[in-house]
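Asks: I am attaching a structure below and will ask some questions about it afterwards.
The values are calculated or read from the model by the stated rules, or taken from the named source; none is laboratory data. Just so we're clear, the structure is a prediction, and the values are computed from it rather than from any experiment. Note that we place each Cβ from the backbone using ideal geometry, even for glycine, and neighbour counts take in every protein chain shown. Note: accessible area is taken over every heavy atom of the protein model, side chains too, but ligands, DNA and RNA are not part of it. Shrake-Rupley method; radii C 1.70, N 1.55, O 1.52, S 1.80 Å.
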Amino acid sequence: MGFVFRSRSKEEKAALADKASLTDSTQTRDPQAPKGRPTPKRSEAQSQRRSVANTSTTRKDASKRQREERRAAMDKQRQALAGGDERYLPARDKGPIRKFARNFIDSRFNVAEFFLPMAVVILVLSMVRVGSLQNIALLLWLVVIVLIVLDSIMTSVRLKKQLNERFPDENKRGAVAYALMRSLQMRRLRLPKPQVKRGERP
């Protein structure tokens, strides 16, 4: 009987020792560490934090560089619009065909470029409470519109002919519309700035 009691007490002591060892191992594990993984060393944790900080800094530097590059490109584009540098012009203004169309418009007087000043005059006349002046304003509107239409048709025909002679095998799509839109602007407000004088051959 004494042998049985001694064996049981030994077994109970061994079980208690196993539980104590398991408790110690769970307490030494970092509570924030993932289950089933060892607690990372301090040096490893510091290196991970440094890599995260370096990544965020690198992203900030990259975004800063991109902003600076965009700003520099916009500055070059503005300078090109003012000086006519083909390298930095917007895509719609690039190419020898578009340049010729601009020069063709800039080298002549266009009725459409005087539309805004004439519109202001006509608007003032129409606001005056005098029947005859209002009739004159209405007549001027009709005359201006007819002159702009006729001048635009003549400009289109001449420009098409010039383009076909100078650029027979190139795509000239949109060049005439581009030139007509430019003719609607006052000369001093045109971009890119005019590179030829009035009466000068383009």
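Asks: Could you please tell me which pairs satisfy a Cβ distance under 6 Å, a separation of 6+ or placement on different chains, a first residue in the range 177-201 that is touching a residue at least 24 places away in the same chain (Cβ under 8 Å) and over 20 Å from Ile148 (Cα atoms), and a second residue that is open to solvent by less than 80 Å² (accessible area, probe 1.4 Å) and aliphatic (A, V, I, L, M)?
Replies: Leu191/Leu81; Pro192/Leu81; Lys193/Ala82
Asks: Take the range 97-112 and flag every residue that is open to solvent by 20 Å² or more (accessible area, probe 1.4 Å) and part of a loop (DSSP other than H, G, I, E, B).
Replies: Arg108, Phe109
Asks: Further question on the same structure: Could you check the range 149-191 and list, in sequence order, the residues that are of a type in the set (D, E, K, R), under 18 Å from Lys99 (Cβ atoms) and part of a helix (DSSP H, G or I)?
Replies: Those that are of a type in the set (D, E, K, R), under 18 Å from Lys99 (Cβ atoms) and part of a helix (DSSP H, G or I): Arg158, Lys160, Lys161, Glu165, Arg166, Arg182, Arg187.
Asks: Turning to a different aspect of this structure: Given the structure, is Lys160 at pLDDT below 95, within 23 Å of Lys94 (Cβ to Cβ) and surrounded by 13 or more Cβ atoms within 10 Å (Cβ to Cβ)?
Replies: no
Asks: Let me ask another. So which residues in the range 62-96 are more than 30 Å from Ser152 (Cβ to Cβ), open to solvent by less than 50 Å² (accessible area, probe 1.4 Å) and at pLDDT below 75, if there are any at all?
Replies: Within the range 62-96, just Ala72 meets the criteria.
Asks: Has the range 115-137 got any residue that is touching a residue at least 60 places away in the same chain (Cβ under 8 Å), open to solvent by less than 50 Å² (accessible area, probe 1.4 Å), touching a Leu at 6+ places or on another chain (Cβ under 9 Å) and of a type outside the set (A, V, I, L, M)?
Replies: no
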